[in-house]
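The values are calculated or read from the model by the stated rules, or taken from the named source; none is laboratory data. Quick caveat: nothing in here was measured; it's all calculated off a predicted structure. When we count neighbours, we look across all protein chains shown, and the Cβ atoms used for this are built from the backbone with ideal geometry, even at glycine. Accessible surface is based on the protein model in full, side chains and every heavy atom, while ligands, DNA and RNA are left aside. Shrake-Rupley method; radii C 1.70, N 1.55, O 1.52, S 1.80 Å.
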Amino acid sequence: MSGREEAGAAVQRALVACMGPAAAEQLALAQVRLAWAEVVAEARLERGPLTSTVRRVTGGTAHVEASDPMLAQELTLRSEGLVWSVNRRMQGRPGATIELRRLAVSVGRGAG
């Protein structure tokens, strides 16, 4: 185990000890959200007022809310590649225990 992995494992244990069993789930969701933000920024899928965010993950499905119908359509068209990229980005991150299988994209006012 590398120093980075050991440090990550220590942080995860401390969170679980302080916050209880729900901490691991919250950490995993935070890792999905962070990886999503990094992937869509790198792919330049967030431009100006167009934003998207992962609202929740259920059964391997990331429920993504897009701020605009055109962005939602583009995310849907690219969903397989986005899922692959997010999963790859999370590899080796502390607490990243969720593996995505698909996206469910909706349009909402509160994205971002």
Which one of these is more than 17 Å from residue 89 (Cα to Cα), in a helix (DSSP H, G or I) and either open to solvent by less than 60 Å² (accessible area, probe 1.4 Å) or hydroxyl-bearing (Ser, Thr, Tyr) (or both): 23, 17?
23
Verdict on residue 39 being touching a Leu at 6+ places or on another chain (Cβ under 7 Å), within 21 Å of residue 92 (Cα to Cα), surrounded by 14 or more Cβ atoms within 10 Å (Cβ to Cβ) and at pLDDT 95 or above
yes
Among (1) closer than 13 Å to residue 29 by Cβ; (2) at pLDDT below 95, the one test that residue 100 misses:
(2)
With the structure loaded, tell me whether residue 9 is open to solvent by less than 50 Å² (accessible area, probe 1.4 Å) and modelled with pLDDT under 90 or whether it fails that test.
yes
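Tell me the residue from 54, 83, 32, 105 that is free of Cβ contacts under 8 Å to residues at least 24 places away in the same chain and open to solvent by less than 60 Å² (accessible area, probe 1.4 Å), please. Before you say what the answer is, go through the steps one by one.
Numbers: 54 fails: free of Cβ contacts under 8 Å to residues at least 24 places away in the same chain; 32 fails: free of Cβ contacts under 8 Å to residues at least 24 places away in the same chain; 105 fails: free of Cβ contacts under 8 Å to residues at least 24 places away in the same chain.
Result of the check over 54, 83, 32, 105: 83.
If the requirement is being under 21 Å from residue 108 (Cβ atoms), open to solvent by 40 Å² or more (accessible area, probe 1.4 Å) and in contact with a Lys or Arg (Cβ under 9 Å, 6 or more places away or on another chain), which of these qualifies: 48, 59? Talk me through it step by step, then tell me what you get.
Details: 48 fails: in contact with a Lys or Arg (Cβ under 9 Å, 6 or more places away or on another chain).
It is 59.
Return the residue satisfying two criteria in turn: it lies in region 62-80 and is among the polar types (S, T, N, Q) and either within 16 Å of residue 30 (Cα to Cα) or open to solvent by 50 Å² or more (accessible area, probe 1.4 Å) (or both), and of such residues it is nearest to the chain's Cα centre (by Cα).
We begin by selecting, within region 62-80, every residue among the polar types (S, T, N, Q); these are 67, 73, 76, 79.
Subset that is either within 16 Å of residue 30 (Cα to Cα) or open to solvent by 50 Å² or more (accessible area, probe 1.4 Å) (or both): 73, 76.
On the way: 73: 19, 76: 16 Å.
If we take residues in region 62-80 being among the polar types (S, T, N, Q) and either within 16 Å of residue 30 (Cα to Cα) or open to solvent by 50 Å² or more (accessible area, probe 1.4 Å) (or both), then 76 is nearest to the chain's Cα centre (by Cα).
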Mind telling me which of the residues 85, 67 ends up being among the polar types (S, T, N, Q) and in contact with a helix residue (DSSP H, G or I) (Cβ under 7 Å, 6 or more places away or on another chain)?
85
